Amino acid sequence: EGVHGPSEVVDPDPFRWTDGGWRGIPAEEMTIYELHVATATPEGTFEGLIPRLDHFVELGVTAIELMPVAEFPGHRNWGYDGVDLYAPDSSYGGPEGLRRLVDAAHARGLAVVLDVVYNHFGPEGNYLPAFTSGRIFTERHKTPWGAAVNYDGEGSAAVRELVIGNALHWAREYHVDGLRLDATHAIIDDSPVHVLAELAERVRAALGPERHFAFFAEDERNERALVLPRAEGGLGLDGVWADDLHHQLRAMVAGDREGYFASFSGSAEDVARTLRNGWFYEGQRSPHTGEERGTPAEGLPLPAFVVCIQNHDQVGNRAMGDRLNHGVSPAAYRAVSALLLLAPETPLLWMGQEWAASSPFQYFTDHPEELGRLVTEGRREEFKHFSAFADPETRERIPDPQDPETFRRSTLVWEERERPPHAGVLALYRELL
């Protein structure tokens, strides 16, 4: 019954796993395919993905990464409004569906990485403060979503255990092979051992040395400490999303110059530097913010940098949800695709990228009416600083997140893979991978 309904007790023992010999895949061997469960297939469920797993194997990727699946308000959401961390969303197929998907993926040699959100909770249905005397959040730190989650203040031990236990839960009860940690720059922890370092250590200890389990941070700071070993003062994660290459390439082939793209020239020299280093900003001043950004990349292994030419944010956070292939020539799209797949960094593909999908990926929600109205207004307001949407009437044409049609438009059309020009792009991706 959703986030306001009763909890359900789930017994994991009756499920019969068939992956007893599976040991996972080392992070440096991953080629990652990011997808949104509800829009990746017409069925929109975990089970609906199982018949598509052979496509991923034939494509040549080695891991699928699911956008967040924790129970969220309503039936349509990107997943970043989740509030029930231990509950695979009921509209996706719940616990049984997720177990079936992971087991089927392992049978085909595919790892499963799960996107998890530990930096904030959704605005609807979060009852955790009722059980923690208000200590789930702290005013000592601020994030873009308000007060930070309390990982280092009074009462924080229980909050730390909530998320560390959640990571262990996904690893042990659902056999997932890694976690993508959302917005780690907003997980603020001044305690002697950062919560993410403790989380990674405890999961690895629980699984043992024979089981590969990967941790990837999404972090805008270009912070080397994330992937440095604990012995060198780092957090000991395996990789970090490095968006500088994406920004350089969009500036180069699509001409993007507004917002954070103002900090990227798109020149061949700067693209090459980004490829050589892993990220571009290593402490230089960013023209967009006027502040210094980044830390040195020297000495970090290039597979620790997860790079892309598209991901859910870089498509979905555009006003119309348009993909890179919607705005550049086929030749340019093929060129940057080849650059991505032949680079020494860890490549991440966004669902449908491999056939230059025609469908957009737009921002959608299913909130109660009043909250939904605020989300719609806020979504349109955030684009007023872009020249293309300076006119209020133009902003009104930005898709309404609450409109079910916004969600439906974002669903992949698998049949187009077999038709030109999509089939040719797919052949290129398969050949390069």
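The values are calculated or read from the model by the stated rules, or taken from the named source; none is laboratory data. Quantities reported herein were computed from a predicted structural model and do not represent experimental measurements. Backbone-built Cβ (ideal geometry, glycine too); neighbour counts: all protein chains shown. Only protein heavy atoms, including side chains, enter the accessible area calculation; ligands, DNA and RNA are left aside. Shrake-Rupley method; radii C 1.70, N 1.55, O 1.52, S 1.80 Å.
When peptides 238-249, 182-193 are ranked by their average number of other Cβ atoms within 10 Å per residue, the highest-first order is 238-249, 182-193. Couplings 3J(HN,Hα) of region 293-307, computed from phi: 9, x, 10, x, 8, 4, x, 7, x, 4, x, 6, 9, 8, 10 Hz, in residue order, whole Hz [Karplus 6.51 cos²θ - 1.76 cosθ + 1.60, θ = phi - 60°; x for Gly and Pro].
Along region 15-22 the Karplus relation, 6.51 cos²θ - 1.76 cosθ + 1.60 evaluated at θ = phi - 60°, assigns HN-Hα couplings of 5, 9, 5, 10, 9, x, x, 6 Hz to successive residues, with x for each Gly and Pro. Largest GNM mean-square fluctuation among 125, 316, 21, using the chain with Cα springs under 10 Å: 21. A rounded overall shape is assigned to the chain, the ratio a/c of its alpha-carbon gyration tensor axes (a ≥ b ≥ c) being less than 1.5. Using Cα-Cα distances under 8 Å and only pairs 6 or more residues apart, what relative contact order does region 256-329 have, in percent? This gives 19 percent for region 256-329. Taking trypsin sites (Lys or Arg not before Pro) across region 13-72, the ones in a DSSP loop with at most 10 further Cβ atoms lying within 10 angstrom of their Cβ are 16. For region 267-333, what log10 I(q)/I(0) values come out of the Debye formula at q = 0.25, 0.29 1/Å, with one point per alpha carbon and no solvent? Values, matching the q order: -1.14, -1.14.
Based on the alpha carbons, how large is the Rg to Rh ratio for region 30-119 when Rh follows Kirkwood?
Across region 30-119, the Cα-based Rg/Rh ratio is 0.95.
Step by step: find N for region 70-200, compute 2.2 N^0.38 Å, then divide the Cα radius of gyration by it. What's the final number?
1.08
Find the relative contact order for the chain and round it to a whole percent, using C-alpha pairs within less than 8 Å whose residues are 6+ positions apart. With pairs under 8 Å counted, the relative contact order is 15 percent.
Overall size of region 281-433 from C-alpha positions, given as principal axis extents largest first: 48, 47, 28 Å.
The 3J(HN,Hα) values that the Karplus relation (6.51, -1.76, 1.60; θ = phi - 60°) gives for region 417-430 are, in residue order, 4, 8, 10, x, x, 5, 4, x, 5, 4, 4, 4, 4, 5 Hz. Gly and Pro appear as x.
The charge dipole of region 283-403, taken about the Cα centre with unit charges on the Cβ atoms of Lys, Arg (+1) and Asp, Glu (-1), comes to about 460 debye, rounded to the nearest 20. Among 154-166, 83-95, 318-330, the peptide with the highest mean count of other Cβ atoms within 10 Å heads the list, and the full ranking is 83-95, 318-330, 154-166.
Dividing the Cα radius of gyration of region 10-52 by 2.2 N^0.38 Å, with N the residue count, gives 1.54.
The ellipsoid equivalent to the alpha-carbon distribution of region 124-262 has semi-axes of 28, 22, 15 angstrom, derived from the gyration tensor eigenvalues as √(5λ) and listed largest first. In this structure, the amide hydrogen of residue 141, modeled 1.01 Å from its nitrogen in the peptide plane, lies closer than 5 angstrom to those of 148, counting only residues at least 5 positions away or on a different chain.
Dividing the radius of gyration of the alpha carbons in region 339-406 by their Kirkwood radius gives 1.12 for Rg/Rh. Roughly to the nearest percent, how much of the accessible area of region 1-154 is carbon and sulfur, given a 1.4 Å probe? Result for region 1-154: 50 percent of the exposed heavy-atom area is carbon or sulfur. Note that region 147-233 presents 37 Å² accessible area per residue, ligands and nucleic acids not counted, probe 1.4 Å.
Could you list log10 I(q)/I(0) for region 170-248 at q = 0.24 Å⁻¹, which the Debye formula gives when each Cα is one point scatterer? One equal scatterer on each Cα of region 170-248 leads to -1.22.
Each part reduced to its alpha carbon centroid, region 194-260 and region 404-433 end up 29 Å apart.
Run the dipole for the chain about the Cα centre, Lys and Arg Cβ at +1, Asp and Glu Cβ at -1, nothing else charged, and hand back the magnitude in debye, nearest 20.
With Lys and Arg at +1 and Asp and Glu at -1, about 780 debye.
Under a Gaussian network description of the chain, with springs only between Cα atoms under 10 Å, the residue in 14, 421, 360 that fluctuates furthest is 14. According to the Kirkwood relation over distinct C-alpha pairs, the hydrodynamic radius of region 138-204 is 12.7 Å. With the charge dipole of the chain set up from +1 on Lys and Arg Cβ and -1 on Asp and Glu Cβ about the Cα centre, the Cα lying farthest toward the positive end among the listed residues 7, 206, 20 is that of 20. Ranking 297, 82, 101 by how far each Cα lies toward the positive end of the dipole of the chain (charges on Cβ) leaves 297 at the top. Loop-located GluC sites (Glu not before Pro) in region 325-433 (DSSP state not H, G, I, E or B) with no more than 16 neighbouring Cβ atoms inside 10 Å: 382, 396.
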